[in-house]
1. Restricting to Cα pairs below 8 Å that are 6+ residues apart, what does the relative contact order work out to for segment 6-142? Please round to a whole percent.
2. Beyond 21 Å, what share of the Cα-Cα pairs of segment 9-123 remains, rounded to the nearest whole percent?
3. Suppose R0 equals 22 Å. What FRET efficiency, 1/(1 + (r/R0)^6) with r the Cβ-Cβ distance, do residue 24 and residue 44 give to the nearest 0.05?
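Derivation of every value follows stated rules applied to the coordinates shown; laboratory data play no part. Note that this is a predicted model, so its numbers are computed, not measured. When we count neighbours, we look across all protein chains shown, and the Cβ atoms used for this are built from the backbone with ideal geometry, even at glycine.
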């Protein structure tokens, strides 16, 4: 099973809170409360997101954190790579380091194809898509549907 870290989940939740507030800069404490993330942990996540150009941070009286660009222009792949790093997915399905026989591995070609498809899907999905999906899920729950 391919799972991303809890930190990546927190990053998505924090960015979702910033998206909800649209262009208004938010304080770390407000984002932490909105996303239910410990403030010191969130500060480290925001630092990574800032260095990757996904959010902007401004210090001072009128400062705060805001999305660097519209949510429609922030892909899930960008978020994952900002938090997990560029090598977030193992090059080997079997997690074998230093395999000397890539042609002999029966999973190599399959894993390469799967990782390409996964990266493409994450690149296509935007923060705005995730927030719209979240909104749809909330409205479905309010109507009493249990899918």
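1. Dividing the mean separation by the residue count of segment 6-142 yields 26 percent.
2. 46
3. About 0.45, to the nearest 0.05.
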